[in-house]
Amino acid sequence: MNRLPLFLDVKARRIGVIGGGPLAARRVETLFRAGAEILLAADELSHEFEVLRGKFRRGDLADAEIFAGCALCYFAPEDGAAPDAELLARARAAGALVNVADQPKLSDFIVPSVLDRSPLVVAISTGGEAPLLGRMLKARLETLIPAGYGRLAALAGSGRAALAGKLTGHGARLRFWERIYDGPIAEMALAGDEAGARAALEREIAACEPDGSPRGATRRGEVYLVGAGPGDPDLLTFRAFRLMQQADVVLYDRLVDPSIMDRVRRDAERIYVGKRRSDHALPQEEIGELMVRLAREGKRVLRLKGGDPFIFGRGGEEIEKLAEHRIPFQVCPGVTAAAGCSAYAGIPLTHRDYAQSCVFVTGHGREGPIELDWSSLLRPRQTVAIYMGLAHLAVLMQELQRHGADPATPVAIVENGTRANQITVTGTVATIAGKAVEAGLRGPTIIIIGQVVRLRDTLNWYSPKTEAKHGDAKFGDE
């Protein structure tokens, strides 16, 4: 984030606008709506200013004190012309922060695209790099956020003072408003019944318990077992994101990318529970006990797991513990590593000409290498995806050959799949172990075995920085 987003109160504050064209007129109109005292300086004014009479005061560019008292100053040159450097210097010398339209390098702040549902306001900025993209996103949000959300925000504002005197804890207020926003009072406000919504809100405030719950209700905790996918936060499901915003506490491990943790509710408690091979910050049994304890305290617990929790993610073990103690839970699946990593490596797991089936196996058991059904893995026209197999890669490849696998069978290893530091190494059953060592792979990885790996050369579409740097180790022994 190169610039700090802020919402600034400019009521009765002097703001300068330099320019007399349509862009300057739009600046004046926006500032007037925000309550600013507007000082406009221009030699000539375009016809757009005719409807703005009385909303600004004219200034003289020759006046040495023109920028005195200005908190901000907007320069709105037409057709991208460079502003007068001396004027810019004078504005900054007077203490004003400066914006130059469409010239971010000359600006102290950026003017975002604004979706106005007052008091709800959404601002979108691309840091001056792609203003048209910001306006396009604003247009999309116009359809997703109807005007009724402004009424809902105003309703909430009307109840804040009364609620603050009754609920002093942040968590209690949070639970109260989540219940309101997700219930019939919000629906009344969105439908335009402001009086009915206000009366219902007053009743809810009067009747709520100190913890924010309805009077007489027992606060009950719950666990959300959520798959975070292989790494790219764009692969999170809508439901996963919604649950991430509801949680009071989050249990996460090494495979959850920091960019995904950034999308968890800001004030949620975060507990790291480890999960590196043979090095767990918290043993599996203790993770289950911790979830039970937190839920019994009335907390909404987010158990965030890389990939999909039910595919080699021990999700079944964890919810067995919850079911045993009758803790309410729900499961949100995620994009599993084999699907995500293969797609980002340009390797389809199935293909009519190469593979009509795909098998997922784990290469790591409780005590080390797992004993696999080798004959079932060696069927023709089949793709094999091995999870957690890097530590025992040489043994796995030797066993495949010992049970009859063709040493020339293509193999790919995808490390940090779907992330910016993704690396893909390709080889064969005979050569891949050595190439993995040569590439310095450390995990997390997914191993893909089968003829579909040959399609990577033509289907590879994802170009992370590390791929360009390291390249691929190719098939064979060259």
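The values are calculated or read from the model by the stated rules, or taken from the named source; none is laboratory data. Here the structure is a predicted model, which means the values were calculated and not measured. For neighbour counting, all protein chains shown are included, and Cβ atoms are generated from backbone atoms with ideal geometry for every residue, glycine included.
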Residue check for residue 45: surrounded by 11 or more Cβ atoms within 10 Å (Cβ to Cβ), touching an Asp or Glu at 6+ places or on another chain (Cβ under 9 Å) and part of a loop (DSSP other than H, G, I, E, B): no
Output for region 381-440, where each listed residue is without any contact (Cβ under 8 Å) to a residue 40 or more places away in the chain and of a type in the set (D, E, K, R): 399, 402, 406, 415, 435, 438
Residue within region 94-112 that is out of contact with any Phe, Trp or Tyr (no Cβ under 8 Å at 6 or more places or on another chain), surrounded by 19 or more Cβ atoms within 10 Å (Cβ to Cβ), of a type in the set (Phe, Trp, Tyr) and touching a residue at least 24 places away in the same chain (Cβ under 8 Å) present: no
Region 244-254: number of residues that are in contact with a strand residue (DSSP E or B) (Cβ under 7 Å, 6 or more places away or on another chain) and part of a helix (DSSP H, G or I): 2
Counted residues, region 93-146 - those being closer than 19 Å to residue 34 by Cα and part of a strand (DSSP E or B): 13
Some residue of region 226-244 being over 18 Å from the mean Cα position of the chain (by Cα) and at positive phi: no
Those residues of region 220-243 which are part of a helix (DSSP H, G or I) and surrounded by fewer than 19 Cβ atoms within 10 Å (Cβ to Cβ), in sequence order: 233, 234, 238, 239, 241, 242
Selected residue (criterion: nearest to residue 156 (Cα to Cα)) from residues of region 201-219 that are surrounded by fewer than 19 Cβ atoms within 10 Å (Cβ to Cβ) and touching a helix residue (DSSP H, G or I) at 6+ places or on another chain (Cβ under 6 Å): 205
From the options 372, 349, residue that is of a type in the set (A, V, I, L, M), crowded, with 17+ Cβ neighbours inside 10 Å and modelled with pLDDT of 95 or more: 349
Lone qualifier among 287, 311 - being surrounded by 15 or more Cβ atoms within 10 Å (Cβ to Cβ) and part of a loop (DSSP other than H, G, I, E, B): 311
Any hit, region 54-76, residues being surrounded by fewer than 17 Cβ atoms within 10 Å (Cβ to Cβ), more than 18 Å from residue 102 (Cβ to Cβ) and in contact with a helix residue (DSSP H, G or I) (Cβ under 6 Å, 6 or more places away or on another chain): yes
Qualifying residue in region 271-283 (condition: exposed (fewer than 13 other Cβ atoms within 10 Å of the Cβ) and within 25 Å of residue 409 (Cα to Cα)): no
Answer from 31, 8, 4 - the residue that is surrounded by 14 or more Cβ atoms within 10 Å (Cβ to Cβ) and either part of a loop (DSSP other than H, G, I, E, B) or in contact with a strand residue (DSSP E or B) (Cβ under 7 Å, 6 or more places away or on another chain) (or both): 31
Residue within region 255-262 that is outside the structural domain of residue 156 (by TED's automatic domain parsing), outside any strand (DSSP E or B) and at pLDDT below 90 present: yes
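Conditions (1) over 30 Å from residue 59 (Cβ atoms); (2) in contact with a helix residue (DSSP H, G or I) (Cβ under 6 Å, 6 or more places away or on another chain), marked per residue:
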{"residue": "113", "(1), (2)": "no, yes"}
{"residue": "117", "(1), (2)": "yes, yes"}
{"residue": "132", "(1), (2)": "yes, no"}
{"residue": "151", "(1), (2)": "yes, yes"}
{"residue": "162", "(1), (2)": "yes, yes"}
{"residue": "165", "(1), (2)": "yes, no"}
